[in-house]
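Everything on this sheet refers to the single structure shown next.
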Amino acid sequence: MKVQARIFIILISLVALLFVPRLFSMDYYMHMFVMSEIYAVLALSLALIVGFSGQVSMGHAAFYGIGAYVSALLSVNFGLSFWVTIWIAGFAAGLVSFMIGVLVLRLRGHFLAITTAFFGILVGLVFNNWIGVTNGPMGVAGIPRPAPLNLPGFTVAIQTRAHYYYLGLAFAVMVAFLVYRLVNSRIGNALIAIRENEELARSIGINAMAYKVLAFSIGGGLAGMAGSFYAHYILFISPVTFTVAESINMLVMIIFGGMSTLFGPILGAVFLTVLPEFLRMAGSLRLVIYGVALVVFIIWMPLGVWGSLKSFWLGRRQASLSEAGESQEHS
Amino acid sequence: MLLEVRNLTTHYGRVKALDRVSVDVPEGTIVTLIGANGAGKSTFMMSISGVIRPSSGTIVFAGQGIEHLPSDRIVSLGISQCPEGRRVWPQMTVVENLETGAFSVSGKGVVQDRLESVFSYFPILKERRQQLAGSLSGGEQQMLAIGRALMSGPKLLMLDEPSLGLAPIIVEKLVSIIREIKEHGTTVILVEQNAFMALQIADTAYVLETGRVVMSGKASELLQNDLVRKSYLGI
């Protein structure tokens, strides 16, 4: 596909996404879409760590939670605006993930996964037991909505779900663009080189540890910003939202969609947020169908839905390329 | 002397893989290390490139001690390694593989120049530049791995078993390219099980056995040595 065609398709889809609140006026649907946007950011940030750098993290919800708590507590206790706290939340979560990354990223594979999972549990314990600050299992209530947004010419109050939808859309698009720029840069090449073969990457002069920590910190920071958005959307947070089960949920999203692609994590996030809701009509079979569907997808599409489509398409292009190469040789 | 290795000892856990190995690499020459499987040839290379940390000994490259430097610093000083088993990134294209090899190099112009010079050694890579590296033949992958090692513009190029699993006719092609690389001023360390091929193109040679240097000298003399002929050349 030509670059122009690709940009055109992306623009068309974005315009289409702008009309979603007109088509679905029910709050229930709009809530699902806003949550999809939050999960899209989380999945993209996790894909940067797991998909592009190959470092399996099972503690991503911890950074999501840290961002949510930092942002919520700053606004509730000190009256800071969401527009300030989202950056502080991102920075705080990024800083924590930097420190954790330096410690744990020398581990590989299962060891890394288990260690990050324990980190997630640890953070959950802090949320639950540092009652003086986090209010423990009772959670933090009364989080203010984002202050009205002053755009040149007019002011938008963030009140309805549609407002959050547009804000979340802008957020998700910006994060997607950032991740796109990152993985298509020198840094992205280094990350992929590390994922495919770390020794080889080091032997050609890539400081593997530095790049792994960088990806981990950026991923953690973005998750923290998503947490901040979540906190100021739901207006209440408690430790049950940020468990290891939630980390696994995010992993499932990127595995389902295709973790080494950009569109895959978004697809996984939207699909796996919306699907369980639509399966409600199946009653008690809901989770069974969900589980079976996941197993089927992982067996038949190990690269994820989008990854499989992409590799099918790339494979055809490669075949035609090598045919062209050979005919050149013969001529 | 471009590279001076003195009493290099490397352990894997408690196993001693290299035992007080000393090797001199004069500038502008090809030095080869030959030996059987497990003799420590690859360990020697990885100890120099900093992928494995040696337990004792000194490595002096162009007058500077490098045994404590991280591998990325060693590459930017001018040592480049082409690891065993044609390790390319199969999911990246040929050009992407090469560009990643120039990771320590800054400046688009330099990278472009290097790319052209690699293509002049290996014209086939130019034809296949947009193909995924995993779709190349074994010989082409080996060429890509060597080309990638050249992308950092090394003073010293270390090749680990470049002939492994390649057809004799491709090995011959590689031999002439390695000679050409040397003539363009890059010093080469060649680690080989194919002792006959290695001794033919090298200036000096070292024979490793269970982590020790058991014999060294001019490659042409070792080629005539009875012990070498019997143990490594099968003549």
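Pick from A:Glu198, A:Glu277, A:Glu246 the residue whose mean-square fluctuation is largest in a GNM of chain A, springs joining Cα atoms under 10 Å.
A:Glu277
Please report, in cubic angstrom per residue, the volume enclosed by the convex hull of the alpha-carbon atoms of the protein assembly as shown.
Residue-normalised Cα hull volume stands at 195 Å³.
Give the interface area between chains B and A as buried accessible surface, both sides summed, probe 1.4 Å, in Å² to the nearest 100.
2300 Å²
Quick check for you: with a 1.4 Å probe and neighbouring chains kept, what is the accessible area per residue of the stretch A:180-331, in Å²?
47 Å²
How long are the three semi-axes of the equivalent ellipsoid of the stretch A:251-320, in whole Å, if each is the root of 5 times an eigenvalue of the C-alpha gyration tensor, listed from largest down?
27, 12, 9
When the accessible area of each residue in the stretch B:65-82 is compared between its chain alone and the complete protein assembly (1.4 Å probe; ligands, DNA and RNA ignored), which residues differ by at least 20 Å², being lower in the assembly?
The answer is B:Ser71, B:Asp72, B:Val75, B:Gln81 - residues whose exposure falls by at least 20 Å² when every protein chain is included.
Step by step: find N for the stretch B:1-123, compute 2.2 N^0.38 Å, then divide the Cα radius of gyration by it. What's the final number?
This ratio for the stretch B:1-123 stands at 1.18.
In angstroms, what radius of gyration and Dmax does the stretch B:50-184 have, counting Cα atoms only?
Every Cα atom of the stretch B:50-184 included, Rg and Dmax give 15.1, 46 Å.
Ignoring everything but the protein chains, give the 1.4 Å probe accessible area of A:Ile266 in square angstrom, nearest 10.
Roll a 1.4 Å probe over it and A:Ile266 shows about 50 Å².
Compute the relative contact order of the stretch B:46-98 as a whole-number percentage, counting only Cα pairs closer than 8 Å that sit 6 or more residues apart in sequence.
29 percent
For the full complex of protein chains and a 1.4 angstrom probe, list A:Ile9, B:Ile178 by accessible area with the highest value first.
A:Ile9, B:Ile178
Express in nm, to one decimal, how much length is gained between B:Phe196 and B:Arg53 on full extension, taking 0.36 nm for each residue of separation and deducting their alpha carbon distance.
48.4 nm
Mind checking the dipole of the stretch B:3-233: about its Cα centre, +1 per Lys or Arg Cβ, -1 per Asp or Glu Cβ, Debye to the nearest 20?
Using only the charged Cβ atoms, the result is roughly 380 debye.
Just need log10 I(q)/I(0) for the stretch A:11-72 at q = 0.16, 0.19, 0.23, 0.27 Å⁻¹, Debye formula, equal scatterers on the alpha-carbon atoms, no solvent, rounded to two decimals.
-0.73, -0.87, -0.97, -1.07
Using alpha-carbon positions, what is the distance between the centroids of the stretch B:122-199 and the stretch B:48-95, in Å?
17 Å
Normalised by the number of residues in chain A, what is the relative contact order in percent for Cα pairs under 8 Å and 6+ residues apart?
31 percent
Would you please give the FRET efficiency between A:Ile289 and B:Ser137, computed as 1/(1 + (r/R0)^6) with r the Cβ-Cβ distance and R0 = 45 Å, to the nearest 0.05?
With R0 = 45 Å, the Cβ-Cβ based efficiency is 0.45.
If r is the Cβ-Cβ distance from B:Lys218 to B:Asp24 and R0 is 22 Å, what FRET efficiency results, to the nearest 0.05?
The formula returns an efficiency of 0.95 here.
Using a Gaussian network for chain A with springs between C-alpha atoms less than 10 Å apart, which of these wobbles most: A:Ala282, A:Ala269, A:Ala61?
A:Ala282
For labels at A:Leu18 and A:Val240 in the simple 7 Å Cα→Cβ model, what's the distance in nm?
About 4.0 nm, to one decimal.
If you take the Cα Rg of chain B and divide it by 2.2 N^0.38 Å, with N the number of residues, what do you get?
0.98
So which lysines pass the test for A:Lys212, namely a Cα distance under 29 Å, with those fewer than 8 places away in the same chain ruled out?
Leaving aside lysines fewer than 8 places away in the same chain, those within reach of A:Lys212 are A:Lys310, B:Lys108, B:Lys155.
Using only the alpha carbon atoms of the stretch A:170-229, find the Kirkwood hydrodynamic radius as the inverse mean reciprocal pair distance, in angstroms to one decimal.
The answer is 12.4 Å.
Across the stretch A:16-125, how large is the tail of the calculated P(r) beyond 25 Å, expressed as a percent of all Cα pairs?
36 percent
For the protein assembly as shown, give the share of DSSP beta bridges that are antiparallel, in percent and rounded to the nearest 5; count only bridges with both residues there.
Of all bridge pairs located within the protein assembly as shown, approximately 60 percent are antiparallel.
So for the stretch B:3-233, taking the charge dipole from beta-carbon charges (+1 Lys/Arg, -1 Asp/Glu), which of B:Ile201, B:Val191, B:Val118 sits furthest toward the positive end?
B:Val191
I need the chymotrypsin sites (Phe, Trp or Tyr not before Pro) found in the stretch A:221-272, filtered to DSSP loop residues with at most 16 other beta carbons within 10 Å of theirs.
The qualifying sites are A:Phe236.
Determine Rg/Rh for the stretch A:61-142; Rg is computed over alpha-carbon atoms and Rh is the Kirkwood hydrodynamic estimate from the same atoms.
Taking Rg over the Kirkwood Rh, I get 1.03.
Quick one: pull the percent of accessible area on the stretch B:3-233 belonging to carbon and sulfur, 1.4 Å probe, ligands and nucleic acids left out.
Of the solvent-accessible surface of the stretch B:3-233, carbon and sulfur hold 49 percent.
For the stretch B:90-166, what does the convex hull of the Cα positions come to per residue, in cubic angstrom?
In the stretch B:90-166, the Cα convex hull volume per residue is 89 Å³.
Need the per-residue list for the stretch B:101-117: every residue with at least 50 Å² less accessible surface in the complex of protein chains than in the chain by itself, probe 1.4 Å, sorted by number.
Residues passing the criterion (a loss of at least 50 Å², heavy atoms only) are B:Phe103.
Treat each spin label as a single point 7 Å out from the Cα along the C-beta direction, and report the A:Glu199 to A:Arg6 distance in nm.
Roughly 3.3 nm, to one decimal.
Give the residues of the stretch A:13-54 whose amide nitrogen is closer than 18 Å to a point set 7 Å from the Cα of A:Ala282 in the direction of its Cβ.
none
Checking a compactness column here: for chain A, what do you get for Rg(Cα) / (2.2 N^0.38 Å), N being the number of residues?
Taking N as the residue count of chain A, the ratio is 1.04.
In percent, how large is the relative contact order of the stretch B:3-233, given Cα pairs closer than 8 Å and 6 or more residues apart?
The value is 28 percent.
Rounding to the nearest 20 debye, state how big the charge dipole of the protein assembly as shown is about its Cα centre with +1 on each Lys and Arg Cβ and -1 on each Asp and Glu Cβ.
Computed charge dipole of the protein assembly as shown: roughly 900 debye.
With Rg and the Kirkwood Rh both taken from Cα atoms, where does Rg over Rh land for the stretch B:113-204?
Rounded to two decimals, Rg over Rh is 0.94.
Keeping every protein chain present and rolling a 1.4 Å probe, give me the accessible area per residue for the stretch B:89-235 in Å².
Dividing the accessible area of the stretch B:89-235 by its residue count gives 43 Å².
For the pair A:Ile114 and A:Thr160, how long in nm is the line joining their label points, each one 7 Å along Cα→Cβ?
Distance between label points: 5.2 nm.
Only helical DSSP H runs with n ≥ 4 go in: add -39500 (n - 2.57) per run for chain A, normalise by residue count and round the 222 nm mean residue ellipticity to 500 deg cm²/dmol.
Calculated mean residue ellipticity at 222 nm is -25000 deg cm²/dmol.
The values are calculated or read from the model by the stated rules, or taken from the named source; none is laboratory data. Everything numeric here is computed off the predicted structure, so don't read it as measured data. Positions of Cβ are backbone-derived with ideal geometry, glycine not excepted, and every protein chain shown enters the neighbour counts. Only protein heavy atoms, including side chains, enter the accessible area calculation; ligands, DNA and RNA are left aside. Shrake-Rupley method; radii C 1.70, N 1.55, O 1.52, S 1.80 Å.
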